[in-house]
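Scroll down for the structure; my scribbles are underneath it.
The values are calculated or read from the model by the stated rules, or taken from the named source; none is laboratory data. All of these numbers come straight from a predicted model, not from anything done at the bench. Methodologically, a virtual Cβ is constructed for each residue, glycine included, from the backbone with ideal geometry; neighbour enumeration extends over all protein chains shown. Quick note on the areas: whole protein, heavy atoms, side chains included, nothing else; ligands and nucleic acids left out. Shrake-Rupley method; radii C 1.70, N 1.55, O 1.52, S 1.80 Å.
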Amino acid sequence: MGLAMEHDIVIIGGGAGGLELAARLGRRLGRREGRRRVLLIDRSIFHLWKPSLHEVAAGSMDSHQEGLSYPVLARRNHFSFAFGDLVGLDPACKTLTLGEIRNDDDDVLVAPRTLRFNTLVLAIGSGSNLFGTPGAAEHAHLLEDVADAEAFNKRLTSAFLAAAWSDEPTLSIAIVGAGATGVELSTELIEGHDELSAGLTEAQRFDLSVTLVEGAPRILGSLPERVAAKAARALEARGVRLLTEAKVVAVHADRLETSKGDVSADLIVWAAGVKAADSNRDLGLETGRLNQFIVDDHLRASAPGIYAMGDCAEAPGPGDRPVPARAQAAAQQAAYLARALSDPARDPGPYVYRDQGSLVSLGGDSGVGSLMGGLGGPNFLIEGLLAKWAYMALHLDHHRAILGVRRTALLALSRLLHRRVSGRLKLH
């Protein structure tokens with residue numbers, strides 16, 4: 001296992017925050033001083049905005065068309081990229097270890113590698129919290145990355161086909177967790193089924209039953225109550241069954257066992273809870289209850305020269321509570337660290353999380369959300385087409401940060417034309 005060349009700033013994780021940080025630093029430092037200054041490492045070869053995973057799962061987005069190549073982004077933004085997965089970290093020696101890379105035949109293509117760094121930023125995200133629920137890991141689909149979303153879409157496509165030729169033409173899907181991911185997935189599934197049914201013969205059409213199971217008293221617990229109430233009414237109007245205050249006791253292959261009775265399901269998706277990887281505890285840094293790296297108000301971890309951001313970091317937030325695991329928090333932290341790391345001699349002051357509101361897509365031209373701070377007081381409610389456009393603008397703003405205005409505009413236009421020509425639902 002050889003020792004690779006030293007990089008000034010190494011960023012592990014090319015999610016929304018990690019990639020935006022690499023792009024910002026690359027444009028500020030790499031353009032002048034060479035690509036060796038900034039290195040981005042990720043376990044995938046292309047980037048997909050994580051809030052879009054539910055669209056890949058439902059088949060309304062093609063990940064290979066939507067995804068952006070890390071090497072291409074690196075060239076355009078003047079940073080370096082390496083494919084790999086973090087398996088070890090020595091904070092004292094300032095080295096990290098990337099695991100071996102194997103092909104589909106399980107042959108070793110690349111041996112484990114060790115890299116030196118001066119500054120390390122951990123942006124490795126988080127996963128689902130199964131809360132120790134029996135059967136959840138075996139029978140529920142997760143939506144943690146592109147591979148998860150594509151695996152579910154394959155099962156969904158097969159289930160659609162089976163239901164179309166079944167003597168009992170009904171497909172039941174249960175989604176555990178009525179946060180943004182669960183709510184948006186339910187609407188994408190309903191819209192996908194509606195589009196598919198319009199092209200089937202009368203004999204092939206089947207009913208789709210979607211149930212959202214939530215342990216809290218209401219859906220969208222992180223959003224204002226009136227926003228959640230509007231979303232609930234919209235979901236029920238679309239035929240989604242809402243089962244709140246229902247704790248999932250166990251997950252079986254064909255049903256959920258809950259505190260309010262069983263919920264039959266041909267497919268089960270787990271979209272509840274956030275928890276960082278257990279392996280984070282083995283990296284020599286202080287971690288919290290959810291395995292997140294404990295950081296101070298400058299996003300510094302417990303070892304010198306190491307920072308953490310995004311979902312993998314437990315950063316101090318408003319009201320003595322940690323910063324929430326949201327895409328907007330990762331984007332804000334990326335902007336903060338770009339300032340801090342591009343000019344280390346100048347203290348940018350503490351990082352302060354600013355809640356800019358939340359938006360939820362309800363499919364088609366529908367959406368609900370609240371914009372906070374600056375528009376009509378602390379809570380400005382938007383809905384319908386305006387909310388849908390605002391939701392799309394968030395995605396485009398992420399692309400603008402890594403592609404620039406002109407390329408983002410061209411990309412948005414090409415994808416709009418492709419969707420109009422090929423249709424919304426993709427059955428692979």
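Does residue 246 satisfy the criteria of being among the hydrophobic types (A, V, I, L, M, F, W, C), at pLDDT 95 or above, part of a loop (DSSP other than H, G, I, E, B) and open to solvent by less than 70 Å² (accessible area, probe 1.4 Å)? Break it down stepwise before answering.
Numbers: among the hydrophobic types (A, V, I, L, M, F, W, C): yes; at pLDDT 95 or above: yes; part of a loop (DSSP other than H, G, I, E, B): yes; open to solvent by less than 70 Å² (accessible area, probe 1.4 Å): yes.
When the stated conditions are applied, residue 246 passes them.
For segment 220-243, name all the residues that are β-branched (Val, Ile, Thr) and not in a loop (DSSP other than H, G, I, E, B). Before you say what the answer is, go through the steps one by one.
The initial filter retains those residues of segment 220-243 that are β-branched (Val, Ile, Thr), namely 227, 240.
Once the filter is applied, which keeps residues that are β-branched (Val, Ile, Thr) and not in a loop (DSSP other than H, G, I, E, B), segment 220-243 yields only 227.
State whether the residues of segment 208-218 include one that is part of a loop (DSSP other than H, G, I, E, B) and open to solvent by 60 Å² or more (accessible area, probe 1.4 Å). Talk me through it step by step, then tell me what you get.
Kept after step one, since they are part of a loop (DSSP other than H, G, I, E, B), are these residues of segment 208-218: 214-218.
So of that shortlist, the ones also open to solvent by 60 Å² or more (accessible area, probe 1.4 Å) come out as 217-218.
Yes: segment 208-218 contains one or more residues that are part of a loop (DSSP other than H, G, I, E, B) and open to solvent by 60 Å² or more (accessible area, probe 1.4 Å).
When you go through (1) among the hydroxyl-bearing types (Ser, Thr, Tyr); (2) modelled with pLDDT under 90; (3) over 16 Å from the mean Cα position of the chain (by Cα) one by one for residue 70, which number turns out not to apply?
Here residue 70 clears every test but (2).
Out of segment 249-265, which residues are in contact with a Gly (Cβ under 9 Å, 6 or more places away or on another chain), in contact (Cβ under 8 Å) with a residue 60 or more places away in the chain and in a loop (DSSP other than H, G, I, E, B)?
If the condition is that a residue be in contact with a Gly (Cβ under 9 Å, 6 or more places away or on another chain), in contact (Cβ under 8 Å) with a residue 60 or more places away in the chain and in a loop (DSSP other than H, G, I, E, B), then 252, 253 are the ones that fit.
Where in segment 41-156 are the strands (runs of 3 or more DSSP E), entirely inside, with at least 3 residues that are touching a residue at least 24 places away in the same chain (Cβ under 8 Å) and in contact with a Ser or Thr (Cβ under 8 Å, 6 or more places away or on another chain)? First the steps, then the outcome.
Values: elements: 80-83, 86-90, 95-98, 108-110, 113-122.
Counting at least 3 such residues, we get 86-90, 95-98, 113-122.
Would you check if residue 268 is within 24 Å of residue 50 (Cα to Cα) and in a loop (DSSP other than H, G, I, E, B)?
Working: within 24 Å of residue 50 (Cα to Cα): yes; in a loop (DSSP other than H, G, I, E, B): no.
It is false that residue 268 is within 24 Å of residue 50 (Cα to Cα) and in a loop (DSSP other than H, G, I, E, B).
For segment 279-299, enumerate the residues that are surrounded by fewer than 18 Cβ atoms within 10 Å (Cβ to Cβ) and either under 19 Å from residue 322 (Cα atoms) or β-branched (Val, Ile, Thr) (or both). Please lay out each step first, then the result.
Pass one, segment 279-299, residues surrounded by fewer than 18 Cβ atoms within 10 Å (Cβ to Cβ): 279, 281-282, 284, 286, 288-290, 294, 296-298.
281, 286, 288, 289, 290, 294, 296, 297, 298 - these are the residues of segment 279-299 that are surrounded by fewer than 18 Cβ atoms within 10 Å (Cβ to Cβ) and either under 19 Å from residue 322 (Cα atoms) or β-branched (Val, Ile, Thr) (or both).
Output the residues belonging to segment 46-94 that are among the aliphatic types (A, V, I, L, M), touching a strand residue (DSSP E or B) at 6+ places or on another chain (Cβ under 6 Å) and open to solvent by 40 Å² or more (accessible area, probe 1.4 Å). Step through it out loud before you land on a result.
So in segment 46-94, the residues among the aliphatic types (A, V, I, L, M) come out as 48, 53, 56-58, 61, 68, 72-74, 82, 86-87, 89, 92.
From what's left, touching a strand residue (DSSP E or B) at 6+ places or on another chain (Cβ under 6 Å): 68, 74, 82, 86-87, 89.
The answer is 87, and nothing else.
Looking at segment 198-213, I want the residues that are free of Cβ contacts under 8 Å to residues at least 40 places away in the same chain and have a partner that is among the aliphatic types (A, V, I, L, M) and part of a loop (DSSP other than H, G, I, E, B) with Cβ atoms under 7 Å, at least 6 apart or on another chain. Which pairs are those?
The qualifying pairs are 210/240; 212/178; 212/219; 212/240.
Can you tell me how many residues in segment 252-278 are β-branched (Val, Ile, Thr) and open to solvent by 20 Å² or more (accessible area, probe 1.4 Å)? Working first, answer last.
So the first thing to find is which residues in segment 252-278 are β-branched (Val, Ile, Thr), and the list is 258, 263, 268-269, 274.
Okay, now just the ones that are also open to solvent by 20 Å² or more (accessible area, probe 1.4 Å), so 274.
Number of matching residues: 1.
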